[in-house]
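Quick note: the coordinates plus some simple rules give every number you see, no bench work behind them. Bear in mind that the values here come from a model prediction, so they are computed numbers and not experimental data. For neighbour counting, all protein chains shown are included, and Cβ atoms are generated from backbone atoms with ideal geometry for every residue, glycine included.
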Amino acid sequence: MTSFQPNPSPDDAPSGDAVAPRESGPDRPTSVGRLNQTIKAAIDTWGAVWVEGEITQWNRRGRNVFGGLKDLASDAQVSLQIWSSVLQRMGDEFAVGDHVVACLKADYFTKRGSFAFQVTSMKHVGLGAQLERLERLRRQLHAEGLFDQARKTPPPFLPDCIGLITGAQSDAEKDVLRNAQLRWPQVRFRTIHAAVQGERSVPEILDALAALDADPEVDVIIIARGGGDPQTLLGFSDERLVRAVAAAATPVISAIGHENDRPLLDEVADVRASTPTDAAKRVVPDVGEQRALVDQLRSRLTMRLQQQVQHGIQQLEQVRSRPSLRDPESIVRDRQQEIYLAVSRGRDLTVRLIDRAERRAAELRASVRALSPAATLARGYAIAQGEDGSVIRDAAQAPEGAPLTVVLDRGAISATSRGETASVTSRTEK
């Protein structure tokens, strides 16, 4: 038992006749409240302590968290309580399995006789500052547009040569090669081994990426690793590597295989694969599926052609069944009578028109003949014309001695005017 007397609070003070724990005995037992006060007083002297461990429980109740912290080297555990005000002040996100250091203040609840540690501060061990830097870099790269889907280039449907960057003799290499060759046996790889963790990983991956990107035969590049904890995956979030992948002319597939904490390489790569096996499936089509697809398309094409041919045959039969093609002479026979009647009508109409025109011509000829001066001359009259051919209607138009031409029914005679009489000087037969 403790060797000091606590100073109980007014709410938890035991009755005045309570016996101190150090003075208790079978005949003089102490009270439960006095015992709890003694325990609380002893615990309060501990103060705050920083503890390192792994989070084993993280349960939210309302805005508070009740959890557990486990020792890294043994099964020892302690219970944690984190109030909402402390959570807001910490600002970071925690989960089961995180490696943390926490500032704990022991607390003993006298009413319930329960013991717990109040957390006043907590942070990740090792990864905390690095994760914060990575988050700032993530926001910067996103603002620059390196994560935009529009700038990413999809890999070719069937690459002739695939570049692979992975660890030597790693399971990731075996998974990619095996699954790709199972899907398409003729696929070719150019593999460059590089460290996939540690200080050498970033420089070696950069060199391998530059070599494969410069190779004109390489159609797509896979960077593969079989997962790992966040600490070992930090190299795949290095800014130099991320920017080099963004600048590569060859499509890059990221196959790191870590779902919980995606490195920045996954964000900037043209394609993100969840595992190396998934990368092989994404970059190489399955030959069996393609053959089945070809067979399906061939079957659909054959069916479509058959439908088109059958449709054409039906249309041809419909055309051939028309009377004009089934019995072409029927059209001539049907039109022959019409042509004969039309010709007959045309002939009759032409005759009538000619007869009418001849009668009209005769009538006009008779009218002209009746009105013609020749008819008058035929009755014995004559026409006197002056030297200029004008008709003499008045004796004053032909002074004495003026030459005249007298037109008769048949012929004409020349005459000379003698005033009221004229003498004929010559005769002209017409």
TODO: Go ahead and estimate [θ] at 222 nm for the chain from helices alone: -39,500 (n - 2.57) per DSSP H run with n ≥ 4, summed, over the residue count, rounded to 500.
DONE: -13000 deg cm²/dmol
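Using the count of nearby Cβ atoms within 10 Å as a rough guide to exposure, how do T153, T277, T45 rank from fewest to most? Mind showing how you got there, number by number?
Numbers: T153 13, T277 20, T45 10.
Placing the least packed residue first, the sequence is T45, T153, T277.
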Task: Selected from W58, I223, A366, residue furthest toward positive end of dipole (the chain; charges at beta carbon) - done: A366
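Could you list I221, I192 in order of exposure, starting from the residue whose Cβ has the fewest other Cβ atoms within 10 Å?
Numbers: I221 28, I192 17.
Fewest-to-most Cβ neighbours within 10 Å comes out as I192, I221.
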TODO: Run the quick spin-label model on H193 and D27: label points 7 Å from Cα toward the beta carbon, then report their separation in nm to one decimal.
DONE: 8.5 nm
Open item on the list: For R225, what residues show an amide H to amide H distance below 5 Å, using hydrogens built from the backbone and excluding near sequence neighbours?
Closed with: A255, I256
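Would you mind finding the longest exposed-site-free stretch of the chain, with exposed chymotrypsin sites (Phe, Trp or Tyr not before Pro) meaning DSSP loop and at most 13 other Cβ atoms within 10 Å? Present the calculation step by step, with values, prior to reporting the outcome.
Numbers: sites that count: F4, W46, F157, Y381.
Counting at most 13 other Cβ atoms within 10 Å as exposed, the longest clean stretch of the chain is 158-380.
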Open item on the list: Net charge within 15 Å of V78 by Cβ-Cβ distance, Lys/Arg positive one each and Asp/Glu negative one each, not counting V78 itself?
Closed with: -3
Open item on the list: Given the options T232, L87, L206, identify the residue whose Cα lies farthest towards the positive end of the charge dipole of the chain (+1 on Cβ of Lys, Arg; -1 on Cβ of Asp, Glu).
Closed with: L206
Task: Top of G53, G62, G163 by mean-square fluctuation, Gaussian network on the chain, Cα under 10 Å - done: G62
TODO: Take the alpha carbon gyration tensor of the chain, find the square roots of its eigenvalues, order them as a ≥ b ≥ c, and report rounded if a/c is under 1.5; if not, report prolate when a/b exceeds b/c, else oblate.
DONE: prolate
TODO: Whole Å is fine, so just give me how far the alpha carbon centre of segment 92-163 lies from that of segment 315-390.
DONE: 111 Å
Open item on the list: I need the shape label for segment 136-189. Rule: rounded when a/c is under 1.5, else prolate if a/b > b/c, else oblate, with a, b, c from the alpha carbon gyration tensor.
Closed with: oblate
Task: Surrounding net charge for K152, when Lys and Arg each add one and Asp and Glu each subtract one, Cβ distance under 11 Å - done: -1
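Once you list every other residue whose beta carbon is under 12 Å from the beta carbon of A48, what net charge do they have if Lys and Arg are +1 and Asp and Glu are -1?
Values: positive: K105; negative: D44, D107.
Within the 12 Å Cβ shell, the charges total -1.
If a/c stays under 1.5 just call it rounded; otherwise compare a/b with b/c (prolate if a/b is bigger, oblate if not). Do that for segment 69-218, with a ≥ b ≥ c from the square roots of the Cα gyration tensor eigenvalues.
Here segment 69-218 falls in the prolate category.
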Task: 21 Å Cα-Cα reach of K152 towards lysines, excluding residues that sit fewer than 8 places from it in its own chain - done: K281
Task: Karplus-derived HN-Hα couplings along segment 269-275 (A = 6.51, B = -1.76, C = 1.60, θ = phi - 60°), whole Hz, x at Gly and Pro - done: 5, 5, 9, 10, 10, 6, 8
Task: Cα centre as origin, Lys/Arg/Asp/Glu Cβ charges: the chain dipole, Debye - done: 2560 debye
